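The values are calculated or read from the model by the stated rules, or taken from the named source; none is laboratory data. Here the structure is a predicted model, which is why all the values come from computation and not from measurement. FYI the Cβ positions are ideal-geometry reconstructions off the backbone, even for glycines, and counts take in every protein chain you see.
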């Protein structure tokens, strides 16, 4: 009969439910395993900013600093060589540290370096090819170029007040693609990118107040109107003289939130408003 010492039980795996949002004390105590095996004996997946080494432990990827002192963390790395980064990021291991930093990638040597294209916020690992430029810029002909600005032609009275806008092409707020005059999001309410030309034009839906992502797809109607069901058509509010109405996400019914100027709710503090009658709010 064998009388030697009993074999040590496998170390149980512990899942860290807080992940990268853990403080350093918790990381030291619990570790950085995201998913344990079904029998709880080993870790199968580590959280971001950690990688698994040959012994199955989640080790932190090595952070680096830029010449200006900015902390660059590595999202994924080689487990047995944490200094070899595969995917660079800007979020720190501990939440109290710096905010996200963009515009860096992992080169062939596994080092986090700045994207070679000025104004680039995301570039491809190893090659450094720009994938996305900062807002208001688009990757065109190998560089981040400023989206084309339009001209606003206004008519004013003798006191300088605007009386009429005769022509408008708002600034491109988001990313322009294929060319600096092709926009994906317009900055001024009532305008959106034309589906064909990608230039900022007036919303095509009558009484539409916002179609910033597409001129043909209204997302918000103007005063006294509401989107009809799942369509992009603006129809009058059911409550007469209602200024703002919406469809409740809970009941699915249209509700009036406020009355037009010169009108007030027939019932004080009604929510929702069922009728707007003449009077001051």
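Quick notes on this one:
- Comparison of 38, 6, 54 shows that the only residue that is surrounded by fewer than 17 Cβ atoms within 10 Å (Cβ to Cβ), at pLDDT below 75 and more than 26 Å from the chain's Cα centre (by Cα) is 6.
- If the condition is being touching a strand residue (DSSP E or B) at 6+ places or on another chain (Cβ under 9 Å), free of Cβ contacts under 8 Å to residues at least 24 places away in the same chain and either farther than 15 Å from residue 221 by Cα or not in a strand (DSSP E or B) (or both), then the range 249-265 contributes 253, 259, 261, 262, 263, 264, 265.
- Within the range 22-35, the set of residues being surrounded by 13 or more Cβ atoms within 10 Å (Cβ to Cβ), outside any loop (DSSP other than H, G, I, E, B) and out of contact with any strand residue (DSSP E or B) (no Cβ under 9 Å at 6 or more places or on another chain) comprises 26, 30.
- When the range 248-265 is filtered for residues that are surrounded by 14 or more Cβ atoms within 10 Å (Cβ to Cβ) and within 31 Å of the chain's Cα centre (by Cα), the ones remaining, listed by number, are 254, 255, 256, 257, 258.
- Selection within the range 266-280 - in contact (Cβ under 8 Å) with a residue 12 or more places away in the chain, touching a strand residue (DSSP E or B) at 6+ places or on another chain (Cβ under 6 Å) and surrounded by 12 or more Cβ atoms within 10 Å (Cβ to Cβ): 272, 273, 276
- Residue count for the range 79-92, restricted to those that are surrounded by fewer than 17 Cβ atoms within 10 Å (Cβ to Cβ) and outside any loop (DSSP other than H, G, I, E, B): 4.
- Summed over the range 116-151, residues that are part of a loop (DSSP other than H, G, I, E, B) and over 21 Å from the mean Cα position of the chain (by Cα) total 14.
- Residues that are over 24 Å from the mean Cα position of the chain (by Cα), part of a loop (DSSP other than H, G, I, E, B) and either at pLDDT below 80 or at negative phi (or both) are absent from the range 182-192.
- Flag if residue 239 is touching a residue at least 24 places away in the same chain (Cβ under 8 Å), over 29 Å from the mean Cα position of the chain (by Cα) and in a loop (DSSP other than H, G, I, E, B): yes
- Test: residue in the range 96-108 that is over 26 Å from residue 133 (Cβ atoms) and modelled with pLDDT under 90: yes
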